[in-house]
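The values are calculated or read from the model by the stated rules, or taken from the named source; none is laboratory data. None of the values given here were measured: they were computed from a predicted structure. Neighbour counts run over all protein chains shown; Cβ positions are idealised from the backbone, glycine included.
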Amino acid sequence: MDISIVKYIFDKKNKRDLILSLSESEKKIKVWNLRNMECLINLKNISESTDLYYYIHICFLYDNNKNYIITAGCNYCGIKDTIKLFDLEGNKINEIENKEQTYYIESYYDNKSCKIYIITCHEGFLILNDYQNKEVYILNNEEKINEEKINEEKIIFHGLIIKEYGEIVKIISKANNFILIWNLNTRKMIQKIIIENYKIISFCLWNNNDLFIGCYDGILLLMDLRTNKIIKKEQIKHHQLIDIQKVIHPIYKECLLLKYNTSQEIYLLSIKKNF
């Protein structure tokens, strides 16, 4: 089985650490118990497409008492997949229309307003779905990125982090060699960071202010978001670092989960030993 996406999730309802994995070729999602790597759920036929290379995006949502798996097809070559919600028993709960070519999906549950937000990445903009109210908002680059700096490449958003900072909920996204940050409540862009000389392929927050960035050449960067400065870099492997996530391992504690484009293996990197 090929594994193209791996996500760490904490099941608050059942107090357990889980791994969410996706097989592109088989169009299957599996949920694993991280402690013993037991496969808990095997979701099949999650897309309308049978194309071997048709890409699926997945995320996880917890809304006080329920857990959901959310999927979105990439929508290319005339295929129009909906955004689908499944429970952790594998039952499809709902579908949302999605007309755009999609590069990433993430979700956020607002405990104060009890709202579910589903955010998707596209070419040149993000779409913010207010799930209960069925309202859709477009988040774009209002400041206009300098086209000369990116050699006329398309601005494709392909990653999301949703993080609460006091009263402000921030949407952190990446596009090419840029980090762009929006205020979810006002839907306004509040920060744009240029990562010179590196092409970003993956990222994750280590804490409120430290951002790990994975690059196409296998370099792992550590950035301080307070100063927008790179404070450390490491050449981990000479391959594309396509996914990095913070995980709390039951034995090794705080680690980075690493996934490369050339391997079906998943690596755990101890930050205390390596950074």
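Of the numbered criteria (1) at pLDDT 90 or above; (2) surrounded by 16 or more Cβ atoms within 10 Å (Cβ to Cβ); (3) hydrophobic (A, V, I, L, M, F, W, C), the one F157 fails is (1). In the set (1) in a strand (DSSP E or B); (2) more than 28 Å from E254 (Cα to Cα), I181 fails one condition alone, (2). Could you tell me whether segment 170-177 includes any residue that is at pLDDT 90 or above, polar (S, T, N, Q) and not in a strand (DSSP E or B)? Scanning segment 170-177, I find no residue that is at pLDDT 90 or above, polar (S, T, N, Q) and not in a strand (DSSP E or B), so the answer is no. Residue-level analysis places L211 outside the set of residues that are in contact with a helix residue (DSSP H, G or I) (Cβ under 9 Å, 6 or more places away or on another chain) and buried (at least 19 other Cβ atoms within 10 Å of the Cβ).
Condition check ((1) in a loop (DSSP other than H, G, I, E, B); (2) at pLDDT below 75; (3) surrounded by fewer than 18 Cβ atoms within 10 Å (Cβ to Cβ); (4) not assigned by TED's automatic domain parsing to the domain that holds I83) across all residues:
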site	(1), (2), (3), (4)
N14	yes, no, yes, no
D17	no, no, yes, no
S21	no, no, no, no
S25	yes, yes, yes, no
I29	no, no, no, no
W32	no, no, yes, no
N36	yes, no, yes, no
I41	no, no, yes, no
S47	yes, yes, no, no
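Under the condition of being touching a residue at least 60 places away in the same chain (Cβ under 8 Å) and either in a strand (DSSP E or B) or more than 13 Å from S270 (Cα to Cα) (or both), the residues counted in segment 196-249 number 6.
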